[in-house]
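Below is one structure; the comments refer to it alone.
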Amino acid sequence: MILEGILPVLPTPFKDDGDVDLLAMKQTAQFCIDAGASGLVFPGVASEYDHLSSWERLSLLREVCEVADGRIPVICGGGKGQPEEIGSNIKKAGELGVDTAMVLIPNQYAGDEAGALQFMLSVIELAPDVAIILQNAPTPIGAGLDSDVLARIVNASPAIKYVKEETLPSGPRITAMKEAASDHLIGVIGGGGARYVIDELNRGAIAAMPAAEITDIHVKMWNAHKRGDVTEARNLYMRSLPLLVIQTIYRMRLTKYALTKRGVLSNSIVRAPLPEFDTFDEAELCTQLESLSSCFDVAPLAPVAI
C-alpha cells in the first residue's frame, strides 16, 4: 500500500496517575481515522517515545493496529538507540502487521556520511521485510543531512522507499531529493508539523506527517490542494498556521490540550520536559481553537471555561 495524504503522528495519552492510557490511545486513533487520515504513525518524536518503555510502546502500537484493522496503514517509528534495538522494535511491530517503519538518522551522524550510511544499512539488514521511511530531522534531534548526502544513502538501498524531510528549508530539499534519488524511492513526505505544507505539496510531496490535533483540517487542506483548489488549501493553511506556530514551543502539550478541548482525550499530561501553559496561553489557545471550530468535521470543540 503506497503512502499518501495526511499521516498524523499520534500522541501518547497518559492517565491521571501517569500510566499510559490504552483506551485513550484507541480513541485518538479512531479520531484520526474519522477525520480522514490516510495512515497512522506511532511512535514518533511527537509521541514522546524517548519517555516510553519498550513495553509501553508495543502495547500502545498494538491498540493502534487494532483500531486501524487493515483499513489504513500503520507506520511504526523505530525509536532511538543502536541498530539492534531499532531493528528489534521494527520486528515486533511487524508481528502486529506493520509493514512500514520510519527510521531517524540520529544526531551523532551529523557530518558523518559513512556512519549514517552504515547505521541505515545495519537497521535494514535486521528488518529486511519492511519498507523504510528515512527521517531526516534537524539537529539536535537528528543528523540534518544535506540533500546530496541523503540522496546517496537512499540510493544505496532499495528498502528505503520514502524520505521524511524535516531539515529546513524543507522545500528546496524536497525538490533536490526528487531530482537525485533512484527510481525505488516512491516519494518524499513533509514534516515540521505541517508548518510548511503548502510549499511541500507544491514541490511534489506525496504526504505530510503533522501532529494529530487538527487532522480533519489537514485532510481538508490536502484534498483541496489535490483537486487543484489552491485558494481553499491556502485559506485553511493560513487559518491553522497561528496554532501551529504556538505548537513549536509547547509541542505535545499543545496537541494533547487541543485534543482534550475537542473531547478526544481527558487530559493533556506529558512526560516530556515541556513548558507549562499559563492563563494567558490558555486564553490564546481557546481563541485559536474557537476560530477553527467551523472546520472541525469530527469531535466538535467542547465548551471551555477559563
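A short reminder: the numbers here are calculations on the coordinates, not readings from a lab. Nothing here was measured: the structure is a model prediction, and the numbers come from that model. Glycine gets a Cβ as well: all are built from the backbone with ideal geometry, and neighbour counts include every protein chain shown.
Before moving on, here are some points about what is shown:
- Dimensionless Rg over Rh [the range 125-266; C-alpha; Kirkwood]: 1.00
- When both bridge partners sit in the chain, DSSP labels roughly 5% of those beta bridges antiparallel.
- Sequence of Ile132, Ile214 once ranked by neighbouring C-beta atoms within 10 Å, starting from the fewest: Ile132, Ile214
- Long-range Cα-Cα pairs in the range 29-81 (distance over 16 Å), rounded percent: 37 percent
- Close amide H partners of Gln135, meaning residues 5 or more places away or on another chain with modelled amide H under 5 Å apart, are Val103, Leu104, Ile105, Lys164.
- Fluctuation leader among Thr175, Thr248, Thr279 - the chain, Gaussian network, Cα springs under 10 angstrom: Thr279
- The slack between Asn107 and Met1, meaning 0.36 nm per residue of separation minus the straight C-alpha distance, is 35.1 nm.
- Gyration tensor over alpha-carbon atoms, the range 78-184, equivalent ellipsoid semi-axes in Å: 21, 15, 12
- Residue order, fewest to most beta carbons within 10 Å, for Val64, Val98, Val103: Val98, Val64, Val103
- Sorting 107-117, 27-37 by average packing, meaning the other beta carbons within 10 Å per residue, from highest down gives 27-37, 107-117.
- Most mobile listed residue (Glu56, Glu84, Glu276) in the chain, GNM with C-alpha springs under 10 Å: Glu276
- Multiplying each eigenvalue of the alpha-carbon gyration tensor of the range 8-122 by 5 and taking the square root yields semi-axes of 26, 16, 12 Å, largest first, rounded to whole angstroms.
- Within straight-line cross-link reach of Lys92, aspartates and glutamates at Cα separation under 20 Å, skipping those fewer than 8 residues along the same chain: Glu48, Asp50, Glu56, Glu63, Glu66, Asp69, Glu84, Glu125, Asp129
- If R0 is taken as 25 Å, the Cβ-Cβ distance between Ser294 and His51 corresponds to a FRET efficiency of 0.10.
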